[in-house]
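Taking it in order: structure first as structure tokens, then the write-up.
The values are calculated or read from the model by the stated rules, or taken from the named source; none is laboratory data. Keep in mind the model is a prediction, meaning the values are calculated, not measured. Heads up, the Cβs are rebuilt from the backbone with ideal geometry, glycines too, and the neighbour counts pull from every protein chain shown. What goes into the accessible areas is simple: the full protein's heavy atoms, side chains included, and nothing from ligands, DNA or RNA. Shrake-Rupley method; radii C 1.70, N 1.55, O 1.52, S 1.80 Å.
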Amino acid sequence: MLYNMAQKSKIRAIVPAAHTAAVLYARVSSKEQEKEGFSIPAQLKLLKDYASKSDLSLDREFVDVETAKQTGRANFGEMVAYLKDHPSIRTLLVEKTDRLYRNLKDWVTLDELGLEIHLVKEGVVLSQTSRSSEKFMHGIKVLMAKNYIDNLSEEARKGMLEKAEQGIWPTKSPLGYRNVPGSDGKKTIAPDLDTAPIIVQLFELYATGNLSLKEAAGKAFDAGLKYRRTGRPVPVSTIHTILRNRLYMGEFEWKGRLYKGRHTPLISRELWEQVQDALDGRKSSKLRRSKHNFAFSGLMTCGHCGCAMVGEIKKSRYVYYHCTGFKGKCPERYVREQILEAKFSALLDRLTFDDEVLDWVREALRDSHAAQRDEQHAAIARHQAEYDRLQARIHAMYVDKLDGRVDAPFFDRMAADWRREQDACLRQIERLKSADQSYLEDGVRILELAKNARRLFERQEPREKRRLLDFLLSNSTWKDGELNVTLQQPFDMIAETASAAECAKGEGRQDSVKSEIWLGD
């Protein structure tokens, strides 16, 4: 039964009794409390002093340092098992109710053991002989403790959701970022100067399509990417999670919804999408690899059956290419790598043009840039107006929600749809601004690449040759000793117009070429 501890001490002083075996249990609700260094030691001192004064012999001590919302706390479970294995020990010391259990299942588990529970700070002892009213009051305390932790959890969830809706990442920062206090006092994330460059490099390397996840994890570790606390290498599964995480390009998902983050993105949306293509296998033809570094393996298909052409080493020194024969026996014969290299070099000659033509193109790009810029600015204004219109809608409906004219679920659903449309507007504005800044420079760089393509190709190692051809070509077939290719845009137009320019020069029509070819589109 429940009774006053002071009275119990007086009774024991009058009637000496043998020491009763007992166990004690101490718990803190978070690791932060444990680090402060006072909560667990204070509980242990209180319980040991009480045991000494009450003629109780402590048999075991059980301590938990973790959140206790869920049952299955490590040392709590160990204590229950120990008490089941030692039926002679039926006394349990604990500081107070909410240190022992915070849910009904824990209460029922201990009640079934028939324990005498000493709640030292509350000054009560609960046993099987306690009156029903006393057990009822104890049950109320258990329910209050459970309500307390449920309320804490609910408030934490609400706080996280509110931060997410404001574009703030609501929890622990991932690798590449660190948690920092924001200007408004709320914790946010900022790039980690040590790991952010490694994360960027990881995305850039994987986007090439030349690495497996295992190789990417190895390169990230070599670059210094490790877990902050343990210093252990980041496993392949975590590398995959990083490469899938939208947070690094400025967005994040929280509770099934997509939010536009206020944090600084580490990579562009375009780079993130390239990595997703690589992960999803949409570059599978470029990802097939062998233990040898063949320049053209998998780059061409057989003109007879459509299977891939792959490399093979003969006599330990010569590289030959042949059809895989996946669809059956194929008549295409083996071809030496040197022959293919000569064919690709001749192809790249089609992109070559002189400096005079390059000057023509620069002039055409400058003339067209003004009109392009005006169109881009008009498009940006349209998207900004649409964004503002959607924001006005959200604000008006929020007022209606406060006034009770619309319910919360309807507001949440509509606001989510409009926010997604706003995100699309912001992405379009970002792309247009980027295009406006790089329109002229990118055009000239593409032409300079085309102009020097053959020279670059002939000087590179096999892997770099492959990357250059991947960039320039979209389809290549090999049949009966002939190479047929399709150039990517805009290199197909460059090859066509460069050829036309050469013909026009031979006919003495340079001005006509300048106006009709380069300024046409």
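Restricting attention to the stretch 243-257, and to residues there that are in a strand (DSSP E or B) and closer than 26 Å to Leu213 by Cα, which single residue is farthest from the chain's Cα centre (by Cα)?
Trp254
With the requirement that a residue be within 22 Å of Lys433 (Cα to Cα) and β-branched (Val, Ile, Thr), what does the stretch 241-273 give you?
Result: Thr264, Ile267.
Tally time: how many residues in the stretch 464-497 are open to solvent by 50 Å² or more (accessible area, probe 1.4 Å), in a helix (DSSP H, G or I), farther than 19 Å from Gly209 by Cα and not hydrophobic (A, V, I, L, M, F, W, C)?
Result for the stretch 464-497: 2.
Restricting to the stretch 211-234, name every residue that is in contact with a helix residue (DSSP H, G or I) (Cβ under 7 Å, 6 or more places away or on another chain) and over 13 Å from Leu279 (Cβ atoms).
Correct list: Lys214, Ala217, Lys219, Ala220, Ala223, Gly224, Leu225, Pro233, Val234.
Report, by residue number, each residue of the stretch 470-493 that is at pLDDT 80 or above and closer than 13 Å to Leu299 by Cα.
Passing the criteria: Ser476, Thr477, Trp478, Leu483, Asn484, Val485, Thr486.
Among the residues of the stretch 445-463 satisfying the criterion of being open to solvent by 60 Å² or more (accessible area, probe 1.4 Å) and charged (D, E, K, R), which is modelled with the lowest pLDDT?
Looking at residues that are open to solvent by 60 Å² or more (accessible area, probe 1.4 Å) and charged (D, E, K, R), I get Arg445.
Among the candidates Gly231, Gly167, which residue alone is assigned to a loop (DSSP other than H, G, I, E, B), in contact with a strand residue (DSSP E or B) (Cβ under 6 Å, 6 or more places away or on another chain) and either surrounded by 20 or more Cβ atoms within 10 Å (Cβ to Cβ) or of a type outside the set (A, V, I, L, M, F, W, C) (or both)?
Being assigned to a loop (DSSP other than H, G, I, E, B), in contact with a strand residue (DSSP E or B) (Cβ under 6 Å, 6 or more places away or on another chain) and either surrounded by 20 or more Cβ atoms within 10 Å (Cβ to Cβ) or of a type outside the set (A, V, I, L, M, F, W, C) (or both) holds for just one of Gly231, Gly167, which is Gly167.
Restricting to the stretch 382-407, name every residue that is outside any helix (DSSP H, G or I) and in contact with an Asp or Glu (Cβ under 9 Å, 6 or more places away or on another chain).
Listed by number, the list holds a single entry, Val406.
Report, ordered by the first and then the second residue, all pairs with beta carbons closer than 6 Å, sequence separation of six or more or different chains, a first member in the stretch 173-200 that is β-branched (Val, Ile, Thr), and a second member that is assigned to a strand (DSSP E or B) and at pLDDT 90 or above.
What qualifies is Ile189/Tyr177.
For residues in the stretch 397-423 being surrounded by 12 or more Cβ atoms within 10 Å (Cβ to Cβ) and small (Gly, Ala, Ser), which is nearest to Gly256 (Cα to Cα)?
Ala416
Can you confirm whether Lys84 is surrounded by fewer than 17 Cβ atoms within 10 Å (Cβ to Cβ) and either over 42 Å from the mean Cα position of the chain (by Cα) or at pLDDT 90 or above (or both)?
yes
Return yes when Phe326 is open to solvent by 70 Å² or more (accessible area, probe 1.4 Å), modelled with pLDDT under 85 and among the aromatic types (Phe, Trp, Tyr) and no when it is not.
Considered against the rule, which asks whether it is open to solvent by 70 Å² or more (accessible area, probe 1.4 Å), modelled with pLDDT under 85 and among the aromatic types (Phe, Trp, Tyr), Phe326 comes out as yes.
Cβ contacts < 6 Å: first residue free of Cβ contacts under 8 Å to residues at least 60 places away in the same chain and assigned to a loop (DSSP other than H, G, I, E, B), restricted to the stretch 303-332; second residue of a type in the set (A, V, I, L, M, F, W, C) and open to solvent by 50 Å² or more (accessible area, probe 1.4 Å), any location; separation 6+ or different chain. Result?
Cys307/Phe326
Asn151 fails exactly one of the following numbered conditions: (1) assigned to a loop (DSSP other than H, G, I, E, B); (2) at pLDDT below 75. What is the number of that condition?
If we test Asn151 against (1) assigned to a loop (DSSP other than H, G, I, E, B); (2) at pLDDT below 75, just (1) comes out false.
Could you please let me know if Ala42 is out of contact with any strand residue (DSSP E or B) (no Cβ under 8 Å at 6 or more places or on another chain), at pLDDT below 90 and closer than 27 Å to Ser130 by Cα?
no
Given the residues Leu247, Leu243, Leu287, which is the only one that is among the hydrophobic types (A, V, I, L, M, F, W, C) and either modelled with pLDDT under 85 or open to solvent by 30 Å² or more (accessible area, probe 1.4 Å) (or both)?
Leu287
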